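One structure below.
Coordinate-derived values only; no laboratory data. Please read all numbers here as calculations on a predicted model, not as lab measurements. Note: ideal-geometry Cβ built from the backbone for every residue, glycine included; neighbour counts use all protein chains shown.
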Amino acid sequence: MSELWQYRELLYFLTWRDIKVRYKQTLLGVAWAVIQPLFIALTLSVFLGHLAKVPSDGMPYAVFAYTAMVPWQLFAHALTEASNSLVANERLITKVYFPRMVAPMSAVLGGLVDFGIAFFVLVPFLACYRIVPGASVLALPFFALLAALAAFGVGLWLSALNVQYRDVRYTVGFLVQLWFLLTPVAYPSSVVPERWRDWYGLNPMVGVIEGFRWALLRTGAPPVGLLAVSAAMTAAILVSGLYYFQRMEDTFADVI
Amino acid sequence: MGERQRYRALRDTLADAVRAPFRRLRRAFGNGAAGNASGPEFLWALKDVSLEIRQGEVLGIIGRNGAGKSTLLKILSRITTPTEGYAEIRGRVGAMLEVGTGFHPELTGRENIYLNGAVLGMTRDEINRRFDDIVDFSECGRFLNMPAKHYSSGMYMRLAFAVAAHLQTEILLVDEVLAVGDAAFQKKCLGKMGDAAHQGRTVLFVSHNLLAVDSLCTRAICLHEGKVVTEGPPGQVTSRYLKDWIPASTEVIYEDIGSAPGNDLFRLRRACVRPVNGSPADPITVRTPFVVEFEYWKLVPQIQLDIAGDLYNEHGIHLFDTGTYGQPAAPAGLLRSWCVIPGDLLNNGTHQIDMSVYKGTEVVFRREMILVFEVRDVGDLRGLYHDVWHGAVRPHFQWITEHIDTSCGSSSVALGGQA
């Protein structure tokens, strides 16, 4: 762990590199971080909210969807980038020593930066609907952190597996899509029957999304039950991910 | 440790799992390299290597390709862990295993200096302090704010080397990175290495450039098939290496352009040394004129590429440098360049040829010891002389003796000691 602190500059530079490279020579630059969740949310509002009349816990569907899309985007992006982070940095890993965990970590940090930008737009968005968040917004960083840790935990597993089994890269897209459907982004978790609710909460993103919505829109009581399950699940994934990653770390340079 | 394994598809693992479930599971969760010890493709890159390197030593590591030199450096820089044994390192390690690690073509030169420095382990402070020195050394000052993808390959290399050259770690590991740039730059690179040595830093230097090893190193080891076969003062180790471990290699062929050595300007297809009107398998004697031949793909039409060979004898003496200099640019395609080296020029013994390809004064491709051949002695010239015939070259000059006068001069020629 102290090694990671020693290499913090490298962590900073790798994150900085990924962000810079992503937006260099693009016309819209960092605006892309906003456009993606926003457009998906708007499309969902039209087709699911308006036409299919999916319930949205009593608030305008667009608000319902967008407040969930922003943290979801953080998770999806961080997970996708982290899973491929070791293979993408293959040249570095075979030529230079650094604690390998820096690679998926910088991927997740990159996702957090995009999240920050998208969140920035969320505030005026809410203002358009005349929604003023209360004191519960202070809980927001906690939920964002939970999403980031969940992405990091899964990312550790997938990136280590990806080094040995390249199938992982192709399944991540499908995995994220599936995960999206299992998370209450496009629909409220109230559609899930009571008796399944706890199992549903095993998806760490359920806690994040419900918590996020609660913090910003203050709809009812804080979803403590769901949150507890999600947080516990995230911790389990993270710890097991750390263990597996460190176990396999020594072989990366040989196998990659 | 095993050689680099190719990655597997989950499919392979699943297929095996059906056949031997527990063995597979243990292997998947254990140290991958050790687990493979029972497989037939297992290869020891290094075996039973024990070394102690003291502070301030400059150790040269030589050996044929595949002898395990790079693996040794990888272990010492903690990129891979040994399957058996351990490596104990005291002090910060800076590794130059490849130039330009971490460079990204989209970032500017300035940004790449910071990135590359961070990758090599320098802190931002250190980079800031040395920034100007790095820029001066690389001679790329004017182009710092351009994205690196616009740099020529030479500039790219120089900038990358400049960053690595300013590492101030106590231990420096250098892997054959010095053969880049033009002659002046190469000299600077060697100079930097020499500075490191003089500053009392510990340097481990892997190279094929035996002259550099001789001049820079305080000690040398020779690796062969994973084991240390010679150790001692560099001069001794390099001569022994040339004598014992280089079997003649008078021809190399790379059939497939994709895997042939080279880059996007030039790809080598074949190099050979053969007697005129003979094949690479025929012997060359001190009298035989022989051909040095290179077949290659030239991938760019207008640019002039010069093919050159440097000939060295078994004592490491650079006999000559010859090449296609001054010829007009050839069209792109598969080309053959060759020259005839006359008989009665070289002395007997083992000789090696290093090949370089120049674009102007810049080296764009280099392969050391690409050809190694034996020049055999021939009896009839020696008469009754049976010992070593000294000299880097052994030309046969025609001596002429003529009779000037019948008598031996006037009576004033005294051959005794009388006054």
Checklist entry - Taking the mean number of other Cβ atoms within 10 Å as a proxy for protection, how do you rank B:205-213, B:64-72 from highest to lowest? => result B:205-213, B:64-72
Item to check | Exposure proxy ranking, count of Cβ atoms within 10 Å, fewest first, for B:Trp44, B:Trp389 | outcome: B:Trp389, B:Trp44
Checklist entry - Where the centroid of each part is defined by its Cα atoms, how far is region B:255-308 from region A:154-212 in Å? => result 58 Å
Next on the checklist: Viscosity 0.890 mPa s, temperature 25 °C: give me the Stokes-Einstein translational D for region B:198-345 in µm²/s, with Rh taken as the Kirkwood radius over C-alpha pairs.
Outcome noted: 137 µm²/s
Checklist entry - Counting other Cβ atoms within 10 Å of each Cβ, which chymotrypsin sites (Phe, Trp or Tyr not before Pro) in region B:81-120 have at most 16 and sit in a DSSP loop? => result B:Tyr86
Checklist outcome for this item: Plugging the Cβ-Cβ distance of B:Ile53 and A:Leu51 into 1/(1 + (r/R0)^6) at R0 = 51 Å yields, to the nearest 0.05, a FRET efficiency of 0.10
Checklist entry - Which residues' amide hydrogens lie under 5 Å from the amide hydrogen of B:Ala330, considering only partners 5 or more residues apart or on another chain, with H built in the peptide plane? => result B:Leu305
Checklist entry - Taking the Cα atoms only, what angle lies between the long axis of helix A:8-23 and the longest principal axis of chain A, rounded to 10 degrees? => result 60 degrees
Item to check | Helix A:140-164 vs. chain A, principal-axis angle (Cα, 0 to 90°, nearest 10) | outcome: 40 degrees
Checklist outcome for this item: Expected unfolding gain across B:Cys408-B:Asp133 under the 0.36 nm per residue rule, minus the alpha-carbon gap, is 91.7 nm
Checklist outcome for this item: What the 10 Å binned alpha carbon P(r) of region B:141-244 shows, as percent of pairs per bin from 0, is 13, 40, 29, 13, 5, 0
Checklist entry - Can you list the residues, at least 5 places off or on another chain, whose amide H is less than 5 Å from the amide H of B:Phe290, using H built in the peptide plane? => result B:Val276, B:Ile341, B:Gly343
Next on the checklist: To check you understand DSSP bridge types, tell me what percent of the beta bridges within region B:58-244 (both residues inside) are antiparallel, rounded to 5.
Outcome noted: 25 percent
Checklist outcome for this item: Given a Förster distance of 41 Å, the FRET efficiency implied by the Cβ-Cβ spacing of A:Leu182 and B:Leu43, rounded to the nearest 0.05, works out to 0.35
Checklist outcome for this item: The Cα extents of chain A along the principal axes, largest first and rounded to whole Å, are 55, 46, 34
Item to check | Among the listed pairs B:Lys69/B:Lys188; B:Lys298/B:Lys359; A:Lys95/B:Lys359, those beyond 22 Å (Cα-Cα) | outcome: B:Lys69/B:Lys188; A:Lys95/B:Lys359
Checklist outcome for this item: Using the Cα gyration tensor of region B:275-349, the equivalent ellipsoid's semi-axes, largest first and to the nearest Å, work out to 27, 15, 10
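Roughly speaking, what is the stretch gain from B:Asp125 to B:Lys149, that is 0.36 nm per residue apart minus the C-alpha to C-alpha distance, in nm to one decimal? Don't skip to the answer; put the middle values down first.
On the way: separation 24, 0.36 × 24 = 8.64 nm, distance 2.64 nm.
Gain on stretching B:Asp125 to B:Lys149: 6.0 nm.
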Checklist outcome for this item: Rounded to one decimal in nm, the spacing of the 7 Å Cα→Cβ label points at A:Trp199 and A:Val123 is 4.2 nm
Checklist entry - Once amide H atoms are built 1.01 Å from N in the peptide plane, which residues 5 or more positions from B:Glu314, or in another chain, come under 5 Å H to H? => result B:Thr350
Item to check | Using distinct alpha-carbon pairs, which all enter the 1/r mean, Kirkwood radius of region A:33-180 in Å | outcome: 16.7 Å
Checklist entry - Residue by residue through region B:126-141, which ³J(HN,Hα) values in whole Hz follow from phi under the Karplus form 6.51 cos²θ - 1.76 cosθ + 1.60 (θ = phi - 60°), with glycine and proline marked x? => result 4, 5, 4, 5, 9, 3, 4, 4, 4, 5, 4, 4, 7, 6, 10, x
Item to check | Average partner coverage of A:241-253, which counts Cβ from other chains inside 10 Å | outcome: 3
Next on the checklist: With angles folded into 0 to 90 degrees, how steeply does helix A:167-181 sit against the dominant principal axis of chain A? Use alpha carbons for both and round to 10.
Outcome noted: 20 degrees
Next on the checklist: Just to be sure I understand: of the beta bridges DSSP finds with both ends in the protein assembly as shown, what percent are antiparallel, rounded to 5?
Outcome noted: 70 percent
